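A.B. asks: There's a structure below that I have some questions on.
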Amino acid sequence: MLRLSCSQSATSGLQSRIAVLDVGHPIYNFALAAGHAVPSDRPCVVKDFDGKSSNVDLIRFPADYQPGQQSDWAVIRFPRIDTRNLVKYKLEPLADLDNLEGTQVLFAEARGLPENSQVCHLTILQFKAGHKRVAHDCRAISGQSGSPVTRVVEGQNRLVGLNIGRLWMFESPKTGRPDRKGYINLLDRKTVADIQTLIDEIR
């Protein structure tokens with residue numbers, strides 16, 4: 001996992017995380033970021049936890065991009081960073097499974113650690129209006145938008161979703177009381193196909 005720092009204005013910036021994808025390109029790294037953390041008209045820099053950095057040279061959003069929705073992601077490209085223990089992820093469309101409640105996932109510790117060492121679980125919030133959100137019980141802080149939500153399957157690191165933010169509820173479907181939950185966008189087959197299409201276009 002790497003950090004992403006993007007200029008938001010002349011005096012402020014956005015800090016987030018990215019998931020580097022296992023693409024196998026000799027020159028560039030490709031990564032998935034939370035779309036709302038990547039301003040398309042401002043410069044962004046990728047940084048590792050040892051101080052190495054690389055300028056993002058290309059950003060691509062899905063055609064149906066909307067902040068906070070399933071399409072809240074972007075593919076970014078940057079010259080490779082040779083950093084210690086950098087994990088690269090295969091994509092896994094976990095959202096297509098019938099039963100996600102209680103699924104165990106891995107997530108980054110809140111501050112300063114590059115690896116996913118926090119074990120947490122998914123829960124499904126089904127609202128009265130008929131829509132649902134996939135939430136998690138991971139400990140997350142501001143600046144962790146785009147953090148990879150992952151699993152290890154047969155020794156392979158699999159990216160199943162991205163942390164998007166915190167969901168505030170006046171009436172939680174689980175408790176009936178005010179509550180807040182971290183929520184993520186899980187990858188489904190359409191999203192995986194869209195990501196692969198964008199990567200193929202900018203390889």
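The values are calculated or read from the model by the stated rules, or taken from the named source; none is laboratory data. Quick caveat, the model's predicted, so the values are computed rather than measured. Glycine also receives a Cβ, built like all others from the backbone with ideal geometry; neighbour counts cover every protein chain displayed.
A.B. asks: Filter region 6-55 down to residues that are out of contact with any Lys or Arg (no Cβ under 6 Å at 6 or more places or on another chain) and either among the hydroxyl-bearing types (S, T, Y) or surrounded by fewer than 21 Cβ atoms within 10 Å (Cβ to Cβ) (or both), then give me how many there are.
C.D. replies: 28
A.B. asks: How many residues does region 124-153 hold that are among the β-branched types (V, I, T) and at pLDDT 85 or above?
C.D. replies: Result for region 124-153: 4.
A.B. asks: As an exercise: evaluate I195 against (1) in contact with a strand residue (DSSP E or B) (Cβ under 8 Å, 6 or more places away or on another chain); (2) not assigned by TED's automatic domain parsing to the domain that holds L14 and give the number of the one condition it does not meet.
C.D. replies: (2)
A.B. asks: From the residues in region 94-109 that are more than 17 Å from I164 (Cα to Cα) and crowded, with 17+ Cβ neighbours inside 10 Å, which one is modelled with the lowest pLDDT?
C.D. replies: Selected residue: L100.
A.B. asks: Then there is this: Of the residues in region 164-203, how many are touching a residue at least 24 places away in the same chain (Cβ under 8 Å), of a type in the set (A, V, I, L, M, F, W, C) and in a loop (DSSP other than H, G, I, E, B)?
C.D. replies: 1
A.B. asks: Is there a residue in region 143-163 that is touching a Gly at 6+ places or on another chain (Cβ under 6 Å), among the hydrophobic types (A, V, I, L, M, F, W, C), under 18 Å from V20 (Cα atoms) and not in a helix (DSSP H, G or I)?
C.D. replies: Yes, the conditions are met somewhere in region 143-163.
A.B. asks: Related question: Scan region 154-203 for residues that are crowded, with 16+ Cβ neighbours inside 10 Å, at pLDDT below 90 and of a type in the set (V, I, T) and jot them down.
C.D. replies: Those that are crowded, with 16+ Cβ neighbours inside 10 Å, at pLDDT below 90 and of a type in the set (V, I, T): I164, I184.
A.B. asks: Can I ask one more? Does region 59-71 contain at least one residue that is on the phi > 0 side of the Ramachandran plot, surrounded by fewer than 18 Cβ atoms within 10 Å (Cβ to Cβ), part of a loop (DSSP other than H, G, I, E, B) and polar (S, T, N, Q)?
C.D. replies: No, because not a single residue in region 59-71 is on the phi > 0 side of the Ramachandran plot, surrounded by fewer than 18 Cβ atoms within 10 Å (Cβ to Cβ), part of a loop (DSSP other than H, G, I, E, B) and polar (S, T, N, Q).
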